[in-house]
Structures are given as structure tokens and as C-alpha cells.
Amino acid sequence: MTDFLLRLEQLPFCVWLHESSSIWAFPMFLFMHTLGMSMIAGVSAVIDLVFLGFWPRMPVKPLERLYPLMWAGFWVNAVTGTVLTIADASTRLINPIFYIKMAFVFAGVALLVVMRKRVFGDPELDRAPLSRSAKGLAWASLICWLGAITSGRLLAYLGPVSGLTNITNH
């Protein structure tokens, strides 16, 4: 398995991504990944906070228009995250924290789908207070995106060190 992961890292595109001094290489992919995360997690957090009553007079239904922006952020992250992972496959794909991050991301995305169906699909939305289950979904969503961002940052500091065999951060 390690040989396969190392071969992935040696693909010409992956070598360019890691070794090029061009701003269009690693810096741009990392910037786009951060931008995509802000689009999906940031906008989701705003919706979650509205569900939790931080802006009690704000109508909820118009926030459904933000879903295309969140989906755009998701796809930006899917592409850039896949590229960044393959370019550092022998480090990322053996790190348990990577899988924790992905679990949080998939749970967060699943919650977006559930929230759209259950909360935004409710015909009583904006006519009655939000249900306890809607607020529970909002809390779960906040936890998922916070977990995804935190575990993503911890990837740089915990586990195997990129480019160095048999060296692990503790």
C-alpha cells in the first residue's frame, strides 16, 4: 500500500504541486481549499446561528437561497482536497486524523441535506418558532464543521511528517 501511495505522490502533477515555486501550485490549491471551507462551513454556521435564535427577528426561509453557495464551496473543497490529499498521499492517508476530518465533513454535509428537507421544507417555517429538533440539527452542524476545521488543522501537527519516513509528530 505504501508503494502505491508513494507512486501517487510521484505523478508529475503532484510533484509540480509540491515542488513548484509558482503561486498557482500549492499556495493556490491551499487558498482555494480554505475559500471553499469558508463557503460551506461559514455559511452553514450563519444558518445554524439563525436556527439557534441569535437573530430572532430574521426570517429563516430566505436563507435557503444560500444552499447553492454552500454546494459550490463543497465542490471546490472536494476537488482541491482530493488534489492536496493525493499529492501527500503517503502522509495523509495513513493518518487517523484525516479519517476523523472526513467523518466530520460527511456528517456536516449530511446534516445540510437533512436540514434543507426537514427545516426549510416545513410549511410552518417562519410562522411558528423553530422546533427543538431544528435547533438540535443546528448544534450538530456547528459541531461537525468545527470538528472538520480543527482536525484539518491538526493534520499539519499530528501524525506522520510529510516527506520524512518513520518520523511522527506527537
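The values are calculated or read from the model by the stated rules, or taken from the named source; none is laboratory data. The structure displayed is predicted, hence computed values, not measured ones. Virtual Cβ from ideal backbone geometry, glycine too; neighbours counted across all protein chains shown. The protein model used for the area step is the full one, side chains on, heavy atoms only, and it has no ligands, DNA or RNA in it. Shrake-Rupley method; radii C 1.70, N 1.55, O 1.52, S 1.80 Å.
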What's the longest bit of the chain with no exposed trypsin sites (Lys or Arg not before Pro), using DSSP loop states and at most 13 other Cβ atoms within 10 Å as the test? 58-126
Could you size up the charge dipole of the chain around its Cα centre, putting +1 on the beta carbon of Lys and Arg and -1 on that of Asp and Glu, and report it in debye to the nearest 20? 600
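Please arrange Met37, Met102 by accessible surface area, largest first, computed with a 1.4 Å probe and ligands excluded.
Met102, Met37
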Any idea how far apart Leu11 and Val161 come out in nm if each label point goes 7 Å out from Cα toward Cβ? 2.7
Using a 7 Å offset from Cα along Cα-Cβ at Leu69, what residues in region 131-152 end up with backbone N under 15 Å from the label point? none
Looking only at aspartates and glutamates whose Cα falls under 18 Å of Lys117's and that sit 8 or more positions away or on another chain, we get Asp48, Glu64, Asp126
Dipole of the chain, positive direction: furthest Cα of Leu8, Leu125, Val43, with charges on the beta-carbon: Leu125
Options (i) 30, 14, 14; (ii) 23, 20, 16; (iii) 37, 16, 12 are given for semi-axes √(5λ) of the Cα gyration tensor in Å, and the computed one is (iii)
Restricting to DSSP loop positions (anything but H, G, I, E, B) with no more than 10 other Cβ atoms inside 10 Å of their own Cβ, which chymotrypsin sites (Phe, Trp or Tyr not before Pro) remain in region 1-37? Trp24
